[in-house]
Amino acid sequence: MPISSLPLACLLLPVPLAFACYSEIRWRRIPNWLTFAMMVFGLGAGLLEGDWPGARDALVGLAVGGGVFLPFCLMGALGGGDMKLMAGVGAMVGWPLVLPALAQTCLAGGILAVVAMVWHGRVWSTLANVGRALLGSRAPRRGKGLRRLPTVPYGLAIAAGSLFAVFWRFFA
């Protein structure tokens, strides 16, 4: 497929995702101005390229992208910036493509989590905590006070998974 026939929002998707990755690595935050700009741009591009059906697809993509991540955000497993970034990606790629973007994002997030576990030397303690959680018990308390555990910069997984899904859809 020639690049000229790609939807405008999908063609420009790497730009805001690069800013999101930089911000996520540098400050561990994804700025609201970026995610809201992605949402507005995705809705506007959908309206320009596909009239009302295009805007509807962008709106459904926004709702599905953000809606799938909302429960995880409310549980504290993901940050609000990650949820808004996925909503912005959903608005830019639209309804039919948001589902593969979500699937690839989850796969990339799993790979990133395994790399983070190995990097921080927490493989066995993480597996033990998962086993305890599956059995319904809590991790034992140690007298180390409040200690911040390593987290995964999920914006990187959102960028990698979304770009892979777009690439696969249009170039495979």
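Is it the case that G81 is under 16 Å from T151 (Cα atoms) and under 12 Å from the mean Cα position of the chain (by Cα)?
Considered against the rule, which asks whether it is under 16 Å from T151 (Cα atoms) and under 12 Å from the mean Cα position of the chain (by Cα), G81 comes out as yes.
Quick check on segment 1-22: of everything there that is outside any helix (DSSP H, G or I) and under 22 Å from V98 (Cβ atoms), which residue is modelled with the highest pLDDT?
L13
Identify, please: which residue in segment 128-158 is exposed (fewer than 10 other Cβ atoms within 10 Å of the Cβ), part of a loop (DSSP other than H, G, I, E, B) and aliphatic (A, V, I, L, M) and is, among those, modelled with the highest pLDDT?
Across segment 128-158, the extreme among qualifying residues is L149.
Name the pairs: first residue in segment 121-133 and at negative phi and hydroxyl-bearing (S, T, Y), second residue surrounded by 12 or more Cβ atoms within 10 Å (Cβ to Cβ) and part of a helix (DSSP H, G or I), Cβ to Cβ under 7 Å, at least 6 apart or on different chains?
Filtered contacts from segment 121-133: T126/M117.
Would you be able to say whether some residue in segment 113-127 is under 18 Å from C73 (Cα atoms) and either among the aliphatic types (A, V, I, L, M) or surrounded by 17 or more Cβ atoms within 10 Å (Cβ to Cβ) (or both)?
Checked against the condition, which is being under 18 Å from C73 (Cα atoms) and either among the aliphatic types (A, V, I, L, M) or surrounded by 17 or more Cβ atoms within 10 Å (Cβ to Cβ) (or both), segment 113-127 yields at least one hit.
Does G46 meet the test of being in a helix (DSSP H, G or I), closer than 21 Å to V166 by Cβ and modelled with pLDDT under 95?
The answer is yes for G46.
Looking at segment 27-47 only, could you name the residues that are of a type in the set (V, I, T), closer than 11 Å to L59 by Cα and buried (at least 16 other Cβ atoms within 10 Å of the Cβ)?
Narrowing segment 27-47 to residues of a type in the set (V, I, T): 30, 35, 40.
Those left that are additionally closer than 11 Å to L59 by Cα: 40.
Result: no residue meets the conditions.
Within segment 68-101, how many residues are assigned to a helix (DSSP H, G or I) and either buried (at least 24 other Cβ atoms within 10 Å of the Cβ) or in contact (Cβ under 8 Å) with a residue 40 or more places away in the chain (or both)?
18
Among I25, I30, which is closer than 16 Å to I158 by Cβ and part of a loop (DSSP other than H, G, I, E, B)?
Of I25, I30, the one residue that is closer than 16 Å to I158 by Cβ and part of a loop (DSSP other than H, G, I, E, B) is I30.
The values are calculated or read from the model by the stated rules, or taken from the named source; none is laboratory data. Small disclaimer: the values here were computed from a predicted structure and weren't measured. We place every Cβ from the backbone using ideal geometry, glycine too, and count neighbours over all the protein chains shown.
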